[in-house]
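One structure, pasted below without further comment.
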Amino acid sequence: MAKARIFYGSTTGNTEDAAVMIARQLGDAVEYVRNIADASVEDLTGAEAVILGVSTWDDGQLQQDWESFFPQFDEIDFQGKPVALFGLGNSDGFSGQFCDALGILYRKIVQRCGKVVGFWPSDEYSFEASGALVDGHFCGLVLDQDNEEAKTADRVRRWVDQIRGELGL
Ligand SMILES: Cc1cc2nc3c(=O)[nH]c(=O)nc-3n(C[C@H](O)[C@H](O)[C@H](O)COP(=O)(O)O)c2cc1C
């Protein structure tokens, strides 16, 4: 069985909390959880499976630590490595750019030949537009701690059940 490394960027702690929640659910299948601000290219390339968490800031932009890391993706060839993504956003306050950063990360991982798994239905969320939509599905788990915190634990549980097999954990 493969082991996953989880990387997150988080400004107010919401994505970090979600990363820890996901790690707890996955138990021994997780090698470590690391802030992307403290991660190297080798940390990502050396993983058997990768889980990346990003929040959206500044009207549809990557969280700041992801923004800083982003150019380094061009040194990474994921070569079919399984990658699962999760994103945090605010569907009410930023309804027109809901979790856009998740889509930015998705497109970069695909460009670097990663195999993105963990697509997630969008129909239980209310928003105007999202850059995280790919063929009508979110390209990863979407969480909204600002408006739907009560739904987070159940969403994480269901998504983790889904990605366990998809990541080969
Ligand atoms: C100034 C500001 C800008 C934001 N921009 C967006 C946005 O464009 N889209 C979105 O979905 N959420 C947006 N959010 C909501 C955050 O993504 C959300 O609060 C998230 O849970 C923060 O996670 P973090 O603490 O891990 O960074 C914004 C929040 C703030 C305060």
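With the other protein chains left in place, how much accessible area per residue, in square angstrom, belongs to the chain at a 1.4 angstrom probe?
Values: 7490 Å² over 169 residues.
Normalised by residue count, the accessible surface of the chain is 44 Å².
Now for a different question. For segment 4-166, give the magnitude of the charge dipole about the Cα centre (Cβ charges: +1 Lys/Arg, -1 Asp/Glu; no others), in debye to the nearest 20.
Numbers: 13 positive and 28 negative charges, 110 e Å.
The dipole of segment 4-166 has a size of about 520 debye.
Also: Could you run the Karplus curve 6.51 cos²θ - 1.76 cosθ + 1.60 with θ = phi - 60° over segment 90-99 and give me ³J(HN,Hα) per residue in whole Hz, x for Gly and Pro?
Values per residue, Gly and Pro as x: 10, 6, 8, x, 10, 4, x, 9, 5, 6 Hz.
Right, next: Which of the GluC sites (Glu not before Pro) found in segment 31-127 are in a DSSP loop and have at most 16 neighbouring Cβ atoms, other than their own, within 10 Å?
Sparse-neighbourhood loop GluC sites (Glu not before Pro): E48, E124.
Using helices alone, what [θ] at 222 nm do you get for the chain, with -39,500 (n - 2.57) per DSSP H run of 4 or more residues, divided over all residues and rounded to the nearest 500? Show your work: numbers first, answer last.
Working: 5 runs with 51 residues, N = 169.
So the helix-based figure for the chain works out to -9000 deg cm²/dmol.
Where the accessible area of the chain is counted over protein heavy atoms with a 1.4 Å probe, how much of it, in %, is carbon and sulfur? Present the calculation step by step, with values, prior to reporting the outcome.
Numbers: 3240 of 7490 Å².
Of the solvent-accessible surface of the chain, carbon and sulfur hold 43 percent.
Okay, next question. Keeping all protein chains in the complex and leaving out DNA, RNA and ligands, what accessible area do you get for S55 with a 1.4 Å probe, in Å² to the nearest 10?
10 Å²
Please calculate the 1.4 Å probe accessible area of R158, with all protein chains present, and give it to the nearest 10 Å².
100 Å²
Right, something else. Expressed in whole Å with the largest first, what are the equivalent ellipsoid semi-axes of segment 52-97 derived from the C-alpha gyration tensor as the square root of 5 times each eigenvalue?
24, 13, 7
Additional query: What are the ³J(HN,Hα) values, in whole Hz, obtained from phi via the Karplus relation 6.51 cos²θ - 1.76 cosθ + 1.60 with θ = phi - 60°, for each residue of segment 114-130 in sequence order, with x given for Gly and Pro?
Karplus-based 3J(HN,Hα) across segment 114-130 equals x, 9, 7, 10, x, 4, 9, x, 9, 6, 8, 10, 10, 7, 8, 7, 8 Hz.
What is segment 4-166 by shape, rounded, prolate or oblate, if you read a ≥ b ≥ c off the alpha carbon gyration tensor as root eigenvalues and call it rounded for a/c under 1.5, prolate for a/b larger than b/c, and oblate otherwise? Intermediate results must be reported in sequence, preceding the final value.
On the way: a/c = 1.44, a/b = 1.25, b/c = 1.16.
Rounded, since a/c falls under 1.5.
What residues have an amide H closer than 5 Å to that of V30, excluding those fewer than 5 places away on the same chain, when H is modeled at 1.01 Å from N in the peptide plane?
Close amide H contacts, sequence-distant or interchain: A4.
How would M1, M21 line up by accessible area, probe 1.4 Å, largest first? Numbers along the way, then the final one.
On the way: M1 195, M21 60 Å².
Sorted by accessible area, descending: M1, M21.
Answer with one residue from P82, L105, F69: the one whose Cα lies farthest towards the positive end of the charge dipole of segment 51-169, charges on Cβ with Lys, Arg +1 and Asp, Glu -1.
Result: P82.
In square angstrom, rounded to the nearest 10, how much accessible surface does Y125 have for a 1.4 Å probe?
The value for Y125 is about 20 Å².
Determine, from the Cβ-Cβ distance of S126 and T11 and an R0 of 30 Å, the FRET efficiency 1/(1 + (r/R0)^6), rounded to the nearest 0.05. Please list the in-between numbers first.
Working: r = 24 Å, r/R0 = 0.79.
Efficiency computed from Cβ-Cβ geometry: 0.80.
Which length gain, in nm to one decimal place, applies between V110 and D92 when the Cα-Cα distance is subtracted from 0.36 nm times their residue separation?
Numbers: separation 18, 0.36 × 18 = 6.48 nm, distance 2.86 nm.
Residue separation times 0.36 nm, minus the Cα-Cα distance, leaves 3.6 nm.
The values are calculated or read from the model by the stated rules, or taken from the named source; none is laboratory data. Values in this document were obtained by computation on a predicted structure and should not be read as measured data. Backbone-built Cβ (ideal geometry, glycine too); neighbour counts: all protein chains shown. To get the accessible areas, we keep the full protein, side chains included, count just its heavy atoms, and leave off ligands, DNA and RNA. Shrake-Rupley method; radii C 1.70, N 1.55, O 1.52, S 1.80 Å.
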